[in-house]
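Worksheet: the structure to be examined is printed underneath.
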Amino acid sequence: MKPLIESLAKNTHNVWAKEKIKRGWTFGLNEFVDATQKRTPHLVPYEQVDERIKEANREGAKENLKVLQLFGIFLEPPVHEHDEIAEKEISALNSQQRTYRAEATYTVTTGKWYFEFEVLVEGFMRIGWMDVSAAPDTSLGVDDKSYGFDGHLVKKWHLGAESYGKEWKKGDIVGCFLDLNDRTISFSLNGDLILDPSGSEMAFDNVSLILNTKNWNQQ
């Protein structure tokens, strides 16, 4: 029973962490929320979680198992329980990162624009466009002033994250399209436009910002 309880407790944390990441939260030494950033010290792999949180998750798992058993439902612990996706997300957002941003003199306000980059190393990166007025330490895609694509976790970012695109690999070429006439942003991978689940070539629409390029690269 103990392995099952531990697996359920770990799963509770991973589900919580994935939801936090989806809503734009990142790791921080202290709990912090403002208009541009949301940080929590608990967004870490389960093994590093505070023991009090682990114990609370275990107690919750025990209570859930008791309820199921009252209805005659008995669970067996899985042979292998490893949420690789959740742990990959937590590890990526908890890593050391550096922001690269074009100078304000390169701001674009009209027309159609494109730039591309080659993936030279593996790891967590976001690339896209950001409003020129955004604070220098603002993470790409966590607020309403920026739009990004992340081929490591396979997500697009704007006011949080959602599944999008394909995983990129070392040597891939990623293109970033901005159409300020139609107010859309699109991305490509090795020359092919990335489609969303509905088949649309647009990653974002209704874009109406004074934009600037920004690339966030894991160290």
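Quick notes on this one:
- The single residue among Ser163, Ser186 that is closer than 21 Å to Phe124 by Cα, out of contact with any helix residue (DSSP H, G or I) (no Cβ under 6 Å at 6 or more places or on another chain) and at pLDDT 95 or above turns out to be Ser186.
- Residue match in the stretch 108-125 (condition: of a type in the set (S, T, N, Q), touching a residue at least 40 places away in the same chain (Cβ under 8 Å) and surrounded by 14 or more Cβ atoms within 10 Å (Cβ to Cβ)): no
- In the stretch 97-176, counting only strands (runs of 3 or more DSSP E) that sit wholly within it, the ones holding 2 or more residues that are acidic (Asp, Glu) span 112-118.
- One residue alone among Ser200, Ser188 is small (Gly, Ala, Ser), outside the structural domain of Gly28 (by TED's automatic domain parsing), over 23 Å from Thr36 (Cα atoms) and in a loop (DSSP other than H, G, I, E, B), and that residue is Ser200.
- Residue match in the stretch 67-89 (condition: more than 23 Å from the chain's Cα centre (by Cα), in a helix (DSSP H, G or I) and either surrounded by 11 or more Cβ atoms within 10 Å (Cβ to Cβ) or at pLDDT 85 or above (or both)): yes
- Scanning the stretch 167-182 for residues that are in contact (Cβ under 8 Å) with a residue 40 or more places away in the chain and either farther than 19 Å from Lys112 by Cβ or of a type in the set (A, V, I, L, M, F, W, C) (or both) yields Trp168, Lys169, Lys170, Gly171, Asp172, Ile173, Val174, Cys176, Phe177, Leu178, Leu180.
- Residue under evaluation Gln37, criteria (1) modelled with pLDDT of 85 or more; (2) under 30 Å from Gly141 (Cβ atoms), criterion not met: (1)
The values are calculated or read from the model by the stated rules, or taken from the named source; none is laboratory data. Remember, predicted model here, so these are calculated numbers, not experimental data. Don't worry about glycine lacking a Cβ; one is built from the backbone with ideal geometry, like all the others, and counts go over all protein chains shown.
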